[in-house]
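Worksheet: one structure, shown below.
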Amino acid sequence: MASTKLIAVAVVAIVVVAAVGLVLMSGDEDSEYRSDNDQGRLKIFGNANNDDYLDEKDIEALESIISGEMEKTPFSDANQDGKVNQSDIDFVERMVDREKMTIYYLNNNSEVKSCAYPKSSVAALPNTTLALMKSIGATDMIKGIPGGNLDATMFADLKESATVMSSKATDIDLDTAADEGIDCVVVDYSSVYLKNYEQFEKAQIDVIRINAAGGLDSLDWALTVGYLLGLEEESQAFVKFSDDLLKEMNDKLETVSDADRVTTLSVTMSNSIGGIGSSSFVTSEDAGARNLADWTTTTQKANVGDEWILKEQYSSDFIAHTCNYSFSTTSDEIQEIWDTYKVYFEGTDAYKDGGYFIFNSNVPVVIRIAYQVEMYYPDLFEEGYASGIIQEWIDTFIDNLHEDGFTVGEDGIFLIKSDMVKV
Amino acid sequence: MKDEYHRYTGRKILFISLCALTIVCAGGYALTLGVREIGFLETFGIIWNHLTGVGYDLHSDGWWDDFVLWEDRLPRVVVAVIAGAGLAIGGAAMQSVVKNPLADPYTTGISSGAVLGITVAIVLGTSIGSFGSNYGMVLNAFVFGLVPTAVAIAVTKMSNASPATIILAGTAMSYLLNAASTLLLVTAEAGKIQEAFLWQVGTLEWVMWDDVPLMFVITLVGGIVLLFFSRQLNLLLFGDKSAKSLGLDVDNFRLIVLLILSLVTASIVSFVGIIGFVGLVSPHIVRMFIGSDNRFVIPASALFGAAFLLVADLIARTVIAPGELPVGVIMSFIGGPIFLILIIKSRKGMW
């Protein structure tokens, strides 16, 4: 009898321990998370296995490459000496140990650049780059911002803590950057920004060119800049947030048949319609729409009175207009924004049928996709779907707005639809 | 008579000395402008140390002073001096060669050609040479800038026309090329329009040492050649017939000078955009003080133009500090009224 009791107690104890273990394991899910992406999003040389991490697995991959078991990968030549050999393994071991050293990365212009690792004091521009930097937890490292009209709500913290380093939105003054001890400038890839970049490079201030406003490749830059700034965990958390949402949206979009796919045109700036390959085109297709643009130049303007946009071949169900407007835009101000831009599109079928909508561009790509899926497929994505994601992004990653209790919809409207304004 | 000659010579020396002094003072002051505090005299010391090879520890205070001064501030001053001198020399020679006080280096349509070259590079991404790079853009501006000059020269040659024809042909080319630029910009994105606009108004903000060699060599050689031709330019002031009777092959001489002017102007416009009034106003002011003899007008115009553009750039940098205006805008605000005053006050005997 006693032995039966003992066995019963032991069984209960085992079950309890197992249960606690399971609970603890499931509770630790985030820290155990490991992205399975192997598309080389982390554009750091030394990322030999092409995943999102720089770790022991890269050393294993290098060993396989050297022994001939595996093909060379784009980032396997860690020390950029033109060969993959033992010296790359030694180099990556130092990287894995997070030693201070010069490392190599690929910038958005596909140039191999060297960079002192890690960075500590950063200037960044323009607003899209700054938004990405904030999303990966780099706010405290940003010591320099450009002039011009940075959004007073989104960037209120930076306007207080960082130095305005130029009177222009497109540049940073070298003189000021030197005075503030900036060791790195993270800047959009367009040559419009940081025209005097050569002077920065001569002064050994690294210039990291990225595409934060692009499509899903903006996640590549989140990971890469995150690594260079020593903010790997933070950047990976942001990429996980994006990956999870993309998976959720893709799972639902997979249920849409080709015949049911909506058609769209995507607009940037005032009236520039994105052509094949432009980031707005790609983002609209990522949102499950069929984009009717059939030209390969980056954008084509739809000026007031233009006939081309009224042609049958461009008659789309929707026109998705991504706009740069303030985070603090409320219901009183959306009519003005709508009236400013509607003039270019009011002759189109999409506008007449209520398919024209405007959304704020200063948010991560996953949210730009979310706005669109909500509009394109209301049966799959409930009203307010995108707003919920913006709120989650703000609460998780944008500390100053979260601390101020920013509520999407009340404090700022990010998606403007025809039923919200006087058409 | 002797006293008058001495007074005249003294006035020349005084004028040239004042221009040189202004260049040193304005240049020195320009080198102090910026967040990093470097004193007026200190700037000259740092330049001397740099030239004599004094080294500093990387990113030390001395290193940063040297770097900021040498890489960021000095190129701007040097380019202002070269561009101001080149445009003023161009103005002096152009006014003599077409015998028209309204002529300036842009008269043959060089500026419109250069702007079209830049617009093509920015909007269409098409450039001669280094595709898409800054140097490709400069080469575009340079080559396109020479096209209207070639057309103006060809028209003049074909019609055997008067110097005024050069101006008229240049004006016609300007309208044509401006229309082409506008056509391209109508379809361009806002960012590209802004970039092209900066070339149209002229600015020294983005100049670097890389911009200096081509501009300097062409301006120096062009200036020396024009100075060498100054006696012949003086002959043109008496009219074509008189010049011919004194043995000058007027038509060919005019074409050679136009070609030199076009090269000098295109080399400047290609890097800094269109900066008006330097070439128009400087020779007029110089003639007021030292007369019309091109042997003196050309070098004095070079010094005055350099000082003029340096001072205008100082104003452009300080008037809305910490922001700054394109120097082309300031130059137009200063040059326009000065030119009007000169017209009102000018004596008939000057031309």
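The values are calculated or read from the model by the stated rules, or taken from the named source; none is laboratory data. Note that the structure is a prediction, hence the values are computed from the model and not measured. Glycine also receives a Cβ, built like all others from the backbone with ideal geometry; neighbour counts cover every protein chain displayed. To get the accessible areas, we keep the full protein, side chains included, count just its heavy atoms, and leave off ligands, DNA and RNA. Shrake-Rupley method; radii C 1.70, N 1.55, O 1.52, S 1.80 Å.
Net charge near B:Ser267, counting Lys/Arg +1 and Asp/Glu -1 over other residues with Cβ under 15 Å of its Cβ? Write down the numbers at each step before the final one.
Working: positive: none; negative: B:Asp210, B:Asp211.
Net local charge, B:Ser267 excluded: -2.
Grab the Cα-Cα distance for A:Asp339 and A:Ala259, subtract it from 0.36 nm times how many residues apart they are, and report the gain in nm with one decimal.
25.5 nm
Which residues in the stretch B:60-90 have a backbone N closer than 13 Å to a point placed 7 Å from the Cα of B:Asp210 along the Cα-to-Cβ line?
Counting only backbone N, you get no residues.
Determine, from the Cβ-Cβ distance of B:Thr171 and B:Ile320 and an R0 of 30 Å, the FRET efficiency 1/(1 + (r/R0)^6), rounded to the nearest 0.05.
0.35
Sequence neighbours fewer than 8 away in the same chain don't count; with that in mind, list the lysines whose C-alpha is under 21 Å from A:Lys311.
Output for A:Lys311: A:Lys301, A:Lys342, A:Lys352.
Within 10 Å, count the other beta carbons around each residue, average over each peptide in B:93-102, B:7-16, and list them highest first.
The most tightly packed comes first, giving B:93-102, B:7-16.
If you take every residue apart from B:His50 with its C-beta less than 11 Å away from the C-beta of B:His50, what net charge results, scoring Lys and Arg +1 and Asp and Glu -1?
-3
How high is the relative contact order of the stretch A:255-420, in percent, counting Cα pairs under 8 Å that sit 6 or more residues apart?
23
Just to be sure I understand the model, the point goes 7 Å from the Cα along the line to the Cβ. What's the resulting A:Trp295 to B:Leu340 distance in nm?
4.4
Restricting to DSSP H runs of at least four residues, report the calculated mean residue ellipticity at 222 nm for chain A, -39500 (n - 2.57) per run over all residues, nearest 500 deg cm²/dmol.
Calculated mean residue ellipticity at 222 nm is -12000 deg cm²/dmol.
List the aspartates and glutamates whose Cα lies under 17 Å from the Cα of A:Lys100, skipping any in the same chain that are fewer than 8 positions away.
The qualifying aspartates and glutamates are A:Asp55, A:Asp88, A:Asp90, A:Asp183, A:Asp206, A:Glu232.
Starting from the Cα of A:Lys252, step 7 Å along the direction of its Cβ; do the same at B:Arg7; then give the gap between the two resulting points in nm.
Taking the simple label geometry, A:Lys252 and B:Arg7 are separated by 9.3 nm.
Rounded to the nearest 20 Debye, what is the dipole magnitude of the protein assembly as shown about its Cα centre when Lys and Arg each give +1 and Asp and Glu each give -1 at the C-beta?
6360
Across peptide A:169-175, what mean number of C-beta atoms from other chains lies inside 10 Å of a residue's C-beta?
That works out to 4 on average.
If I take R0 = 45 Å and measure r between the Cβ atoms of A:Thr330 and B:Leu18 in this structure, what FRET efficiency does the formula 1/(1 + (r/R0)^6) give, to the nearest 0.05?
0.15
Which entries of A:Lys134/A:Lys159; A:Lys119/A:Lys195; A:Lys119/B:Lys192 have Cα-Cα distances beyond 24 Å here?
A:Lys119/B:Lys192
Let me check I've understood the local charge: for A:Gly215, count other residues with C-beta under 15 angstrom from its C-beta, Lys and Arg +1, Asp and Glu -1. What total comes out?
-4
Show that you can apply the helix-only estimate: for chain B, add -39,500 (n - 2.57) for every DSSP H stretch of four or more residues, divide by all residues, and state [θ] at 222 nm to the nearest 500.
Calculated at 222 nm, the ellipticity per residue is -24500 deg cm²/dmol.
For a Förster distance of 51 Å, can you work out the FRET efficiency between the beta-carbons of A:Asp419 and A:Glu233, rounded to the nearest 0.05?
0.75
Pairs to check: A:Lys43/A:Lys247; A:Lys168/A:Lys417; B:Lys244/B:Lys345; B:Lys241/B:Lys345. Give those whose C-alpha atoms are more than 26 Å from each other in this structure. List each step's numbers first, then the result.
On the way: A:Lys43/A:Lys247 22 Å; A:Lys168/A:Lys417 33 Å; B:Lys244/B:Lys345 32 Å; B:Lys241/B:Lys345 29 Å.
Over 26 Å apart, Cα to Cα: A:Lys168/A:Lys417; B:Lys244/B:Lys345; B:Lys241/B:Lys345.
With the other protein chains left in place, how much accessible area per residue, in square angstrom, belongs to the stretch B:81-346 at a 1.4 angstrom probe?
With all protein chains present, the stretch B:81-346 gives 40 Å² per residue.
With contacts defined as alpha carbon pairs under 8 Å and 6 or more residues apart, what's the relative contact order of the stretch A:354-423 in percent? Working shown, then result.
Working: 53 pairs, mean separation 29.3, N = 70.
In percent, rounded to a whole number, it is 42.
Skipping prolines and chain starts, which residues have an amide H placed within reach, meaning under 5 Å, of the one on A:Val262, given they are 5 or more residues away or on another chain?
A:Arg290
Test of understanding: what is the full-extension gain from B:Phe40 to B:His59, defined as 0.36 nm times their sequence separation minus their Cα-Cα distance? Please list the in-between numbers first.
On the way: separation 19, 0.36 × 19 = 6.84 nm, distance 2.20 nm.
Result for the pair: 4.6 nm of gain on full extension.
Show me B:325-333, B:106-114, A:258-266 ranked by packing, highest mean number of other Cβ atoms within 10 Å first.
Top of the packing list down: B:106-114, B:325-333, A:258-266.
Sorted by average packing, counted as other Cβ atoms within 10 angstrom per residue and highest first, what order do A:249-257, B:257-265, A:319-327 take?
B:257-265, A:319-327, A:249-257
With a point put 7 Å past each Cα toward its Cβ, work out how far A:Thr407 is from B:Ala179 in nm, to one decimal.
Output for this residue pair reads 6.1 nm.
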